[in-house]
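First the structure, in the form of structure tokens, and then the observations on it.
The values are calculated or read from the model by the stated rules, or taken from the named source; none is laboratory data. Quantities reported herein were computed from a predicted structural model and do not represent experimental measurements. Positions of Cβ are backbone-derived with ideal geometry, glycine not excepted, and every protein chain shown enters the neighbour counts. Side chains are part of the model used for accessible areas, which takes the heavy atoms of the whole protein and leaves out ligands, DNA and RNA. Shrake-Rupley method; radii C 1.70, N 1.55, O 1.52, S 1.80 Å.
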Amino acid sequence: MSDSLRIPSSTHSPFLRALLEGEFEEGLRLHEAMPSTETRDDIWLALCLMHLGRRAEALGILLKLRAAGLEDAAPVAAIAYRFEGSLEMATELLADLDAWRLTSFGEAVAWRERSMLAFASGCLGEALAAAQRAWRIAVIDETASLFLPGFASALALVLSTLGQDHAASSYIRQALPLGSAAQRAPLLWTLAGCLARAGDFGAAQEALTQVQATPLSSQAQPLLSYHRGVLARLQGIPEEAVAAFSQSASLARQSGQLETEVYAAASLSAIAAEQGKVAEARVHLSRAHHRAVGARAEALCAFQEATLQASEDHTKAIDQLQSCARRLSQLGLRREVGEAWIVIADTYARQGEDGAALTALRSVAEARAALGANVTLATSVDARPALRRLLVSQAAQGHLGSLCTLWEDFQQLQRSRPAALALTTLGGYGLRLGELPVKLNVGMRRAVELLAYLLLRKEATLEQLQTYVFEQCAPQAARDYLHVARHGLTRAVPGLQLPFDRDRGVYRVTLTGRPLHWDVALVRAALQEGTPGGVTCAAELLVGPFLPWSAATWAAEERAELEWELQRVGVRVARDLQARGQPVKSERILRALLRVHPTELALHELLAQAVQASQGNVAANLEKKHSQLVLERELDVPVLTRLD
């Protein structure tokens with residue numbers, strides 16, 4: 001092997017030090033100022049250009065170096081091709097290497113690039129073997145060891161994708177003390193991902209905070225944003241996850257990082273699908289699909305497409321999801337296999353087929369058994385209300401069986417997440433931070449009404465707040481009360497802000513670092529499912545009218561809208577159950593609805609029909625008589641109805 005790139009530590013040039021410290025612009029300046037350069041300096045110049053996003057210039061330099069006989073330039077050029085998404089060109093370069101002309105540094109880079117190409121192709125076993133070989137060479141070679149954090153980062157990425165986050169963390173911790181601040185950044189955000197998946201959100205946030213304190217290049221920003229999104233999603237704060245993934249996708253698009261853009265867009269699609277925003281999810285998925293390079297990205301996009309079909313109750317969705325699970329299993333993507341079975345289980349649960357859902361959940365448990373400490377699958381279950389209710393029900397009945405580990409993950413997730421801010425507006429007024437009531441130096445009722453109005457309207461001007469929330473106050477008194485309420489709320493709840501946008505003249509609500517559990521939003525999310533379980537859950541949550549002591553027009557409109565939405569969705573689901581020959585389930589739905597709407601004649605009629613179908617005429621007649629009594633009691637007048 002050639003030794004032309006071996007660099008004694010005592011002779012590190014200022015140019016190389018600038019590269020290692022992440023001062024890439026300074027590196028270019030030093031290179032231009034050098035009266036003469038050696039061959040190895042042109043390699044470092046190309047790496048500086050790549051980090052600045054000037055990959056075409058870097059490729060030109062590297063290809064000329066290789067043509068001039070420097071074989072180490074070839075594996076470095078493969079890095080540039082991979083960043084451009086030209087995996088075939090990178091593969092061709094590596095296949096054509098003359099191993100005898102490589103230094104140990106070049107050999108280590110070549111093995112790392114083989115690992116990354118195998119990773120993109122979904123050959124994770126091959127990727128792991130190549131990354132481990134690159135690591136072994138880098139540890140003992142003086143030049144390669146200068147870049148050891150980069151080799152550790154690649155190895156950790158493969159290990160974490162295989163579900164081996166603990167092993168990934170151990171390699172990261174070995175390399176962290178050896179790198180500069182710039183070199184530590186990729187290690188820290190990869191470590192943050194490992195810690196977040198293990199449920200250690202505090203340590204994950206600390207790792208990301210360390211990265212944020214480091215000056216980063218434009219090429220690093222998309223990846224930092226992506227890992228911030230991963231943490232926020234696992235913490236159950238979808239709004240922050242969406243903001244982070246959106247920023248990651250935008251920055252990746254600007255800097256030409258196809259792979260990062262694909263995974264950020266796919267994550268946005270997954271969150272939108274969980275929230276029932278199918279059209280929005282399809283837009284994000286289209287972006288990911290058209291930029292996907294490699295078998296792994298293509299398989300994940302195919303899985304997301306099947307997920308969207310399942311959210312629309314597509315008849316072939318289950319078959320496609322099972323096919324995706326098999327493909328993901330072939331690629332060694334253990335977490336994603338579990339995710340696929342979660343979507344299958346959720347599809348069955350939303351259709352009321354609890355037995356089939358539990359069978360699919362047991363397949364989730366099998367995938368979970370192949371992972372170490374990991375709350376990812378529990379997070380996915382928690383994001384799907386129908387499936388979450390099923391798991392909680394199994395735990396309450398003591399029927400967990402093979403689902404014990406998944407249930408333990410679920411419980412750890414609840415303990416590890418930041419305390420949620422619970423806003424109560426149905427049947428009363430209240431604010432709780434976790435299990436503790438929030439104490440304010442202003443009136444709770446007015447503060448809750450202010451939050452509810454802003455959450456419903458998304459934003460509001462001062463005049464709107466004076467007119468609708470503080471309608472009984474004089475304009476100046478309303479302004480003063482608004483500022484007192486804003487100050488009291490932001491002091492009492494860490495992360496809660498009611499900022500004023502001076503350019504647009506509007507107030508809004510922002511909550512960072514913790515989820516918001518607003519009872520109205522929970523009712524609407526349950527109704528959006530359009531399932532028996534969702535309707536029952538919504539009826540249980542609707543314990544009373546919206547802002548019961550408010551006489552404001554906007555509160556009355558929301559009150560009526562919410563109750564009508566429950567009745568509309570509930571009647572549709574009840575009719576559908578009867579049409580499918582499931583009158584007992586229909587009866588349960590209707591009784592839940594009647595607790596909210598006891599005077600609604602149509603509900604009583606449907607209930608009588610369901611009882612007749614399930615129990616016969618005698619029981620139906622008794623039910624009609626009971627309904628008559630209920631109507632007369634509630635209306636306080638004799639009632640003659642079609643029930644007679």
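Taking all protein chains into account, the per residue accessible area for the chain stands at 44 Å² (1.4 Å probe).
Only helices enter the 222 nm calculation for the chain: every DSSP H run of n ≥ 4 contributes -39,500 (n - 2.57), and dividing by all residues gives -22500 deg cm²/dmol, rounded to 500. Straight-line reach from residue 624: which aspartates and glutamates have a Cα under 20 Å away, not including same-chain ones fewer than 8 places off? Within reach: 587, 600, 605, 632, 634, 636, 644. Net charge dipole, the chain: roughly 1020 debye, given to the nearest 20, about the Cα centre with Cβ charges of +1 for Lys and Arg and -1 for Asp and Glu. A straight Cα-to-Cα reach below 21 Å connects residue 316 with the lysines 277, residues fewer than 8 places away in its own chain not being considered.
From the Cα gyration tensor of region 372-480, with a ≥ b ≥ c the square roots of its eigenvalues, which class applies: rounded if a/c is under 1.5, or else prolate if a/b is larger than b/c, or else oblate? Prolate is the answer for region 372-480, as a/c is 1.5 or above and a/b outweighs b/c. Once you sort the root eigenvalues of the Cα gyration tensor of region 126-214 as a ≥ b ≥ c, which label holds: rounded (a/c under 1.5), prolate (a/b larger than b/c) or oblate (the other case)? Oblate, because a/c is 1.5 or more while a/b does not exceed b/c.
Overall form of region 272-372: oblate. Here a/c, set by the Cα gyration tensor axes a ≥ b ≥ c, is 1.5 or more, and a/b is not larger than b/c. Under the definition of Cα pairs under 8 Å and six or more residues apart, what whole-number percent is the relative contact order of the chain? Answer for the chain is 8 percent. Taking amide H as placed 1.01 Å from N in the peptide plane, residue 496 has its amide H under 5 Å from the amide H of 512, each at least 5 places away in sequence or on another chain.
Counting only protein heavy atoms and using a 1.4 Å probe, what share of the accessible area of the chain belongs to carbon plus sulfur, as a whole percent? After summing per-atom areas, the C and S share lands at 52 percent. Of [x] 17, 29, 36, 17, 1, 0; [y] 18, 47, 27, 7, 0; [z] 16, 42, 29, 11, 2, 0, which is the value of P(r) over Cα pairs in 20 Å bins from 0, in percent derived from the coordinates here? So the structure-derived entry is [z]. For residue 506, enumerate residues with amide H under 5 Å from its amide H, sequence gap 5+ or separate chain, H modeled in the peptide plane. Excluding prolines and chain starts, which carry no amide H, the hits are 501.
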